[in-house]
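To start, the structure under review is shown below, and the notes come after it.
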Amino acid sequence: MAKYTGPTNKLFRNYGVKDLSNRKLTTSMRQNASGQHGATRKKSSDYALQLKAKQTIRMTYLVSEKQFAKYYENASRKTGVTGTIMLQSLESRLDNVLYRAGFAITRRQARQIVNHAHVLVNGKKVDIPSYLLKAGDVVTVRESSKQFIKNVMEQIDLALSFAWLTVDRNELSITFDRIPEREELDAEFKEQLVIEYYSK
């Protein structure tokens, strides 16, 4: 998504991405595809289904085509279920963890927060949004950035909790306790179709 500058809402709707990475928009967003014939029902080919499954996951986590392909390639080299490992890697991204913890309204904002060096990982500055956290890693907010993050958190309508994260909203810290299990992640993701897409 690095080079796409068009209307993201329409782009996401075309691939059925319900989570726009924005807690303020998810409930009011129209679910059919954009355009004059967006609501028209039509049978999709196997390739179209595989592509949609890939784009749904990729756009949810806001990674580029090249990045997403690397996540798949890395997962395919490891022992275990490729699709699950890929999703776990995406979920372990620093920007995603900030978003999940409620430190950012959107994943885009979470990425910007990391880029601007507002957070530390185990006491060290990390300004790479794709940085993969490991079990036991602690994310904290720089002292000079705490008021900014508090202001952001006050704008979030819905704060969720996740079993693999321990969030201290007073101290503004996040402990990445463990890698989430597949059943704890989005049940609508169809990672098997993504594997079929890349296996051609």
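Summary of computed values
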{"read-out": "Dmax and Rg, reported as Rg then Dmax, of the stretch 72-143 (C-alpha, Å)", "value": "12.9, 40"}
{"read-out": "Average projected area [Cα convex hull, the stretch 43-188], square nanometres", "value": "9.7 nm²"}
{"read-out": "Cα coordinate range in the stretch 50-96, projected on the principal axes (Å, largest first)", "value": "27, 26, 16"}
{"read-out": "Flagged links, alpha-carbon separation over 24 Å, of 125/190; 66/190; 70/190; 70/200; 66/125", "value": "125/190; 66/125"}
{"read-out": "Packing-based ranking, highest mean first, of 55-67, 124-136 given that Cβ atoms within 10 Å are counted", "value": "55-67, 124-136"}
{"read-out": "Semi-axes of the equivalent ellipsoid for the stretch 138-200, Cα gyration tensor, largest first, Å", "value": "33, 14, 13"}
{"read-out": "Charge dipole (the stretch 88-200, unit charges on Cβ, about Cα centre) - positive-most of 147, 135, 170", "value": "147"}
{"read-out": "Point-charge dipole on Cβ atoms (K/R +1, D/E -1) for the stretch 94-200, about Cα centre, debye to 20", "value": "440 debye"}
{"read-out": "Lys, Arg +1 and Asp, Glu -1 on Cβ, resulting dipole of the stretch 39-144 about Cα centre, debye, nearest 20", "value": "380 debye"}
{"read-out": "Label-to-label distance, nm, for residues given as residue 70 and residue 148 (7 Å Cα→Cβ offset)", "value": "2.5 nm"}
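Here, each number is a calculation from the coordinates, and none is a lab measurement. All figures in this text were calculated on a predicted structure; none of them were measured in a lab. Virtual Cβ from ideal backbone geometry, glycine too; neighbours counted across all protein chains shown.
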